[in-house]
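*Asks:* Right, I'll just put the structure down here and ask away after.
The values are calculated or read from the model by the stated rules, or taken from the named source; none is laboratory data. Worth saying up front: this structure is predicted, and the values here are computed from it rather than measured. Here Cβ is always computed from backbone atoms with ideal geometry, including for glycine, and neighbour counts include all displayed protein chains.
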Amino acid sequence: MMLRKIPATKPVAPHIEALAGNTRWRVTAAVAQPKIDGASPKVPPRGHDAESETARSQNGPVDVEVHLDRALETDAYTGISGTSFEDLPLTSAADVKAAPARYMTPLHTPAMRVGTSGSTGSPTVVYRSRDEVEENAKGIAERWSTLLPNGPHRVASLLDHNRSAAGLLVEHIMYTLDAVTARLMPYTPSGPNWMQFAEAVTEFSPTVIIATPGVLLDAEHELRALGVFDEIRSTATTLLTLGATNTPAMRRRLGRSWQALVVDGSFGGTECGTIATGCRLGNLHSMVGRGTYEVLIEDGSLVPLAAGVRGELVVTPTLFRHFVLIRYVTGDRVDALSCPCGLDGVAFKVLGRLDDRIRIHGHWIEQAGIEQTVFADPAVEDYQLVADLDDNLTRIEISLLPGSSPAGSTIAATIETKLGVDTAVVDAVSPIARTAGVVKSWARTRVRREVIR
Ligand SMILES: [Zn+2]
């Protein structure tokens, strides 16, 4: 697949290409006609009953017909005309990653080229129009205005703008909220070192810090070593965490250390946009009117996202007019529930990515389950998993916060008993786990593979 080069006019940031506004972007290379029935995963049963309809409507009114019309303009969905939504096949992440351009409609008003962090090894590139970017940011800003304490806000963003589309999104959202935003990313080559970071935080005195959970853990470790953590943590009252591997146990762990309200900001991806935002009770709520949300449950059938449903999240995002996905299988396992917070949308928790699961004595365990056990003791600073090449968990390494009590051996023994895996206390978890803290695949970076002899 080759994309015709459009001359860049005004680069906004290294990962964004501002394209000539009146130039029609299009795919030039011919692609094979899609095999809607053959190339995709199995078509699930229809699950089309009154209960399903009620659940579907709770996800918000979505004009699926308009979306299907757009889909017809793409190479990937050519030929779906006359097919009802319930009969449409699933779209796999692998298919989208292999040829993202097949899912694009001709773009008349291009504004941005956005790439994923490439945390799976292959970044997906999509194009967005200005309206889409603004609409996405506005929707999240409305939700965040209820999530954050009263402003005015000074926001420190620790998201890597070079590798994370979310970094850009956050700036759009904060602009909408009239918040002052500072980019303070200690990982990029041009970014500050930890002491410079500490000085900048002290000077800027952010009320909100936005980062992936892994970065906040890392920052805490580094700032503590420099002796400035107590000063830094006194500035921000709210930590807004982003990233698919954002577990309640991790947020509780961070909240204790940083003495701040830790909330899950949003959930989604470059491919499907923002699917949900967090609430003050620690749950995510689907974005109403932004798409159709379904869950692939254990027996292989597809049901609407509704309280009590657990399985792999499948989304048909309708916000983006130029990058069209139908029944996109996200790879994220979720647990839908009822949440009394009053926010609209369907509430759910993310259990973890399917490809980040690991085996304990033959059983696949999600990251949320492991973190819940490891971080149950407030003395645990961080952890790392050691696995063999077949994803069998062989050892857990934990590091403890300074001055921890009771003794580390007791804590390790408790984890060992609960999970049935050898657990040892180490001085600090391996640096391999820290360097990739900027990307979403924090879970994967926590696993060290070893050949077991
Ligand atoms: Zn809620």
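*Asks:* Identify the residue in segment 269-290 that is touching a Ser or Thr at 6+ places or on another chain (Cβ under 6 Å) and of a type in the set (V, I, T) and, among all such residues, is nearest to the ligand (Cβ to nearest atom).
*Replies:* T277
*Asks:* Which condition from (1) touching a His at 6+ places or on another chain (Cβ under 8 Å); (2) buried (at least 22 other Cβ atoms within 10 Å of the Cβ) is the one that L343 breaks?
*Replies:* If we test L343 against (1) touching a His at 6+ places or on another chain (Cβ under 8 Å); (2) buried (at least 22 other Cβ atoms within 10 Å of the Cβ), just (2) comes out false.
*Asks:* Kindly indicate which of L393, L337, L343, L351 is more than 27 Å from E222 (Cα to Cα) and touching a helix residue (DSSP H, G or I) at 6+ places or on another chain (Cβ under 6 Å).
*Replies:* Going through L393, L337, L343, L351 in turn, just one is more than 27 Å from E222 (Cα to Cα) and touching a helix residue (DSSP H, G or I) at 6+ places or on another chain (Cβ under 6 Å): L351.
*Asks:* Please enumerate the residues belonging to segment 144-166 that are of a type outside the set (A, V, I, L, M, F, W, C) and surrounded by fewer than 23 Cβ atoms within 10 Å (Cβ to Cβ). Spell out how you get there, then give the answer.
*Replies:* To start, the set of residues in segment 144-166 that are of a type outside the set (A, V, I, L, M, F, W, C) comprises 145-146, 149-154, 157, 160-164.
Of everything in segment 144-166, those that are of a type outside the set (A, V, I, L, M, F, W, C) and surrounded by fewer than 23 Cβ atoms within 10 Å (Cβ to Cβ) turn out to be S145, T146, P149, N150, G151, P152, H153, R154, H161, N162.
*Asks:* Right, next: Filter segment 160-184 for residues that are closer than 19 Å to I275 by Cα and touching a residue at least 60 places away in the same chain (Cβ under 8 Å) and give the result.
*Replies:* Hits for segment 160-184 are S164, A165, A166, L168, L169, V170.
*Asks:* Provide a single number: the residues in segment 254-268 that are away from the ligand (no atom under 14 Å from the Cβ) and buried (at least 24 other Cβ atoms within 10 Å of the Cβ).
*Replies:* Residues meeting the conditions: 2.
*Asks:* Within segment 157-178, does at least one residue satisfy the condition of being basic (K, R) and more than 22 Å from V201 (Cβ to Cβ)?
*Replies:* Within segment 157-178 (the criterion being basic (K, R) and more than 22 Å from V201 (Cβ to Cβ)), the answer is no, since none of the residues qualifies.
*Asks:* Applying the selection to segment 342-361, what residues are within 16 Å of the ligand (Cβ to nearest atom) and on the phi < 0 side of the Ramachandran plot?
*Replies:* The answer is L343, D344, V346, A347, F348, K349, V350.
*Asks:* What number of residues within segment 142-201 satisfy the criterion of being within 19 Å of I232 (Cα to Cα), aliphatic (A, V, I, L, M) and modelled with pLDDT of 85 or more?
*Replies:* 10
*Asks:* Just for strands (runs of 3 or more DSSP E) wholly inside segment 295-341: which have at least 1 residues that are within 16 Å of the ligand (Cβ to nearest atom) and in contact with a strand residue (DSSP E or B) (Cβ under 8 Å, 6 or more places away or on another chain)?
*Replies:* Correct list: 328-337.
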